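The values are calculated or read from the model by the stated rules, or taken from the named source; none is laboratory data. Model, not experiment: these values are computed from the prediction. Here Cβ is always computed from backbone atoms with ideal geometry, including for glycine, and neighbour counts include all displayed protein chains.
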């Protein structure tokens, strides 16, 4: 066997053959493997291909001289942001920092978007979305929704790079199956460890990656998904009355983020194919082969809202196609404490009452003091997350091409097992159970 084949799947240590047990053993973690099981595992490793996540360069065009005559660029002297507007726009302010002093510049050689999703939500829709966003946020300070000041509501076409690819994937998971039983003397716990291999095909269309440095990437992903079926060929007329952010992130810089979204989307889809009694399923490694890759440059509609409360600025983004809103809201420390105390009293009291009913008063006090704070903190952290809605998208599930997902190989390879035993209390009248 090659050195790689002698690495322990559990800890990575070097394996040795034990002539007494006729097993292959790891002296570091004391794992035992049968020769046949280990061979099945190493044969699967040997079948791995070299990963291919290269991207084909798509052809993008520049604006024509005629198109550039109908548009102009404004540059913000405060934050450096640059936006493109149609020639009828006489004044504007920076959508990023609110600065009113913008310098007009001559356009030259700018990349022309391939596609655009036109705005479908107006300012009234956006303000309604903001009101709904504040509701069902029990930890939001009561004065925030009443006293905050909306300093600006700006529509902006944000540049995105869109990625398509057919993916042939192989994902290797680790999984466990647990079994418990008892005899007169011991309680036993057996854990069987498996390598769960799934191979298949999946395809993604129009996976977006933010092409603007000024726009927070996580904020842009938080207002997804967009419906790519409503993409239309770009026409400068869509800029009439709107501003467009000027892209400043080249597509080759965004390849890694697109590939990571494809990887996580593939892993998530393949993970859904694992069924049965497996628990603690985690990813061991993954291998992607990309083909038919395409890249396009598009403008997506976004409303930017900047609010001020207690001298602090809060930024919200609204999907100009669907109305989905995202942004981080403040958390009231007083409400957090009061809710924590309420849940502590309710949960701790319930635990103590249950123990008291079982005539375990002393244990009930201890249990209430342990379970109450832990459960209360867990609930409050969940409530707090409702105020923090800016987060990265996990994968690209919203952009899977219809009927493209197929699993063509499933291997559940048993590796080894471990059994632990715990002495049972004697004279407790228990009987064997399985």
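Per the conditions (1) in contact with a helix residue (DSSP H, G or I) (Cβ under 6 Å, 6 or more places away or on another chain); (2) surrounded by fewer than 21 Cβ atoms within 10 Å (Cβ to Cβ); (3) at pLDDT 90 or above; (4) not in a loop (DSSP other than H, G, I, E, B), the sole criterion not satisfied by residue 166 is (1). Here is the figure for the stretch 1-45: residues that are outside any loop (DSSP other than H, G, I, E, B) and touching a residue at least 40 places away in the same chain (Cβ under 8 Å) total 11. Which of the numbered conditions does residue 381 fail, given that it passes all the others? Conditions: (1) exposed (fewer than 14 other Cβ atoms within 10 Å of the Cβ); (2) part of a loop (DSSP other than H, G, I, E, B). Condition (2) is where residue 381 drops out. Of the set (1) surrounded by 13 or more Cβ atoms within 10 Å (Cβ to Cβ); (2) under 30 Å from residue 44 (Cα atoms), all apply to residue 390 but (2).
In the stretch 393-406, the qualifying residues are those that are loosely packed, with under 14 Cβ neighbours inside 10 Å and assigned to a loop (DSSP other than H, G, I, E, B), and the one that is nearest to the chain's Cα centre (by Cα) is 394. Restricting attention to the stretch 214-229 and to residues that are surrounded by fewer than 20 Cβ atoms within 10 Å (Cβ to Cβ) and either free of Cβ contacts under 8 Å to residues at least 12 places away in the same chain or within 12 Å of the chain's Cα centre (by Cα) (or both), the residue that is farthest from residue 83 (Cα to Cα) turns out to be 229.
Of all residues in the stretch 297-312, those satisfying the criterion of being touching a residue at least 24 places away in the same chain (Cβ under 8 Å) and surrounded by fewer than 18 Cβ atoms within 10 Å (Cβ to Cβ) are 308, 309. May I ask you to verify whether residue 46 is at pLDDT 75 or above and exposed (fewer than 12 other Cβ atoms within 10 Å of the Cβ)? Yes; evaluated as a whole, the condition is true for this residue.
Of the listed requirements (1) modelled with pLDDT of 75 or more; (2) crowded, with 19+ Cβ neighbours inside 10 Å; (3) out of contact with any helix residue (DSSP H, G or I) (no Cβ under 7 Å at 6 or more places or on another chain); (4) over 25 Å from residue 162 (Cα atoms), residue 74 misses just one: (1). Residues that are free of Cβ contacts under 8 Å to residues at least 24 places away in the same chain and either in contact with a helix residue (DSSP H, G or I) (Cβ under 9 Å, 6 or more places away or on another chain) or surrounded by fewer than 20 Cβ atoms within 10 Å (Cβ to Cβ) (or both) occur in the stretch 172-186; there is at least one. Against the conditions (1) at pLDDT 95 or above; (2) surrounded by fewer than 19 Cβ atoms within 10 Å (Cβ to Cβ); (3) in a helix (DSSP H, G or I), residue 252 satisfies every one except (1). Of 258, 296, 284, all but one fail to be closer than 23 Å to residue 84 by Cα, modelled with pLDDT under 95 and in contact with a strand residue (DSSP E or B) (Cβ under 6 Å, 6 or more places away or on another chain); the exception is 296.
When each of 323, 353 is tested for being in contact with a helix residue (DSSP H, G or I) (Cβ under 9 Å, 6 or more places away or on another chain), farther than 14 Å from residue 139 by Cα and outside any helix (DSSP H, G or I), the lone residue that passes is 323.
Quick check, is residue 282 farther than 30 Å from residue 153 by Cβ and surrounded by fewer than 18 Cβ atoms within 10 Å (Cβ to Cβ)? Considered against the rule, which asks whether it is farther than 30 Å from residue 153 by Cβ and surrounded by fewer than 18 Cβ atoms within 10 Å (Cβ to Cβ), residue 282 comes out as yes.
Quick check on this structure: which one of 375, 368 is under 26 Å from the mean Cα position of the chain (by Cα), surrounded by 11 or more Cβ atoms within 10 Å (Cβ to Cβ) and farther than 30 Å from residue 228 by Cβ? Let's see the steps before the verdict.
On the way: 368 fails: under 26 Å from the mean Cα position of the chain (by Cα).
Just one listed residue meets the conditions, 375.
Counting the residues of the stretch 270-318 that are within 17 Å of residue 243 (Cα to Cα) and touching a helix residue (DSSP H, G or I) at 6+ places or on another chain (Cβ under 6 Å) gives 3. The number of residues in the stretch 100-138 being out of contact with any helix residue (DSSP H, G or I) (no Cβ under 7 Å at 6 or more places or on another chain), part of a loop (DSSP other than H, G, I, E, B) and modelled with pLDDT of 70 or more comes to 9.
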